[in-house]
Amino acid sequence: MSGDADQRIELTLRLWRAGSKRQFERYINRLLKLAARQNGRAERRAAEVKGGPGRPDAVLVLSFPDTAAVDAYLTDPRRDDLEELAAKTVKRSLITGGRQHDSSEHDPAEVTALPIDPG
């Protein structure tokens, strides 16, 4: 399929862990569930990015059907519920986005199928 219906907007989340690996994974799982509530889906995930100092501990690529869904995700009041957990587990986060991609480029990963290692 092709056309505007296949275009999704991607956000890339880079996260640096501050707390335990288990809490960090719990935080990521909750972010992914929040994205799913806004018709977002996990396209790709890299855990424990190798390479040296300053590299994020996880990189998530999420996609949304339109800018309204992105805005709803970023401003969802349920994100406030994550603040306490984020304060314990995330040292730094960086969100970049706005890139559109054709959903036929690759198969999306189901949020529940992402490899989660609570370590």
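Rule-based calculations on the coordinates, nothing more; no lab input. All values derive from a computational prediction rather than experimental measurement.
Observations
- Global geometry of segment 50-89, whether rounded, prolate or oblate, following the gyration tensor of its Cα atoms and the 1.5 cut on a/c: oblate
- Karplus 3J(HN,Hα) series, Hz, for segment 17-26 with 6.51 cos²θ - 1.76 cosθ + 1.60 (x for Gly, Pro): 7, 10, x, 5, 5, 4, 5, 4, 5, 4
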